[in-house]
Amino acid sequence: MRKFTVIDEGFTCRICGRIITPLGSGCRNHCNHCLSSLHLDNNPGDRASDCGGILRPVGIETGKGKKALQIVHKCEKCGEIKKNIAAGDDNYDLIVELSAIAVKQV
């Protein structure tokens with residue numbers, strides 16, 4: 001069974017209210033303005049989570065290759081930690097601000 005389902009769709013951010021367009025070269029899975037998301041997936045893109053809570057950005061992690069920069073989210077409803085690869089049009093000032101936060105403090 002695949003653990004990743006590609007979904008690249010536009011949406012209106014429930015947190016900041018902005019209209020978000022599809023990424024066009026990957027998956028749009030968070031707001032590129034406030035970096036928030038919704039807890040909709042168990043595995044990326046499956047839309048199988050019953051939680052539906054707000055995933056707030058709480059930090060940044062660096063890795064290798066495609067996962068070079070990941071936004072770390074924490075669900076306000078269930079507390080689960082999720083990671084999303086940063087997109088090229090993400091709010092860079094907010095990413096810099098989040099990079100100063102140690103994920104271990106979350």
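The values are calculated or read from the model by the stated rules, or taken from the named source; none is laboratory data. As the structure is a computational prediction, the values presented were derived from the model and not from experiment. Virtual Cβ from ideal backbone geometry, glycine too; neighbours counted across all protein chains shown. Surface areas here come from the heavy atoms of the whole protein model, side chains and all, with no ligands, DNA or RNA. Shrake-Rupley method; radii C 1.70, N 1.55, O 1.52, S 1.80 Å.
Overview of values
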read-out	value
Enumeration of residues in the stretch 52-70 that are in contact with an Asp or Glu (Cβ under 9 Å, 6 or more places away or on another chain), open to solvent by less than 80 Å² (accessible area, probe 1.4 Å) and over 12 Å from Leu35 (Cβ atoms)	Gly53
Qualifying residue in the stretch 26-48 (condition: open to solvent by 40 Å² or more (accessible area, probe 1.4 Å), at pLDDT 95 or above and not in a loop (DSSP other than H, G, I, E, B))	no
Members of the stretch 71-90 found to be open to solvent by 30 Å² or more (accessible area, probe 1.4 Å) and either assigned to a loop (DSSP other than H, G, I, E, B) or not β-branched (Val, Ile, Thr) (or both), listed by number	Lys74, Glu76, Lys77, Cys78, Gly79, Glu80, Lys82, Lys83, Gly88, Asp89
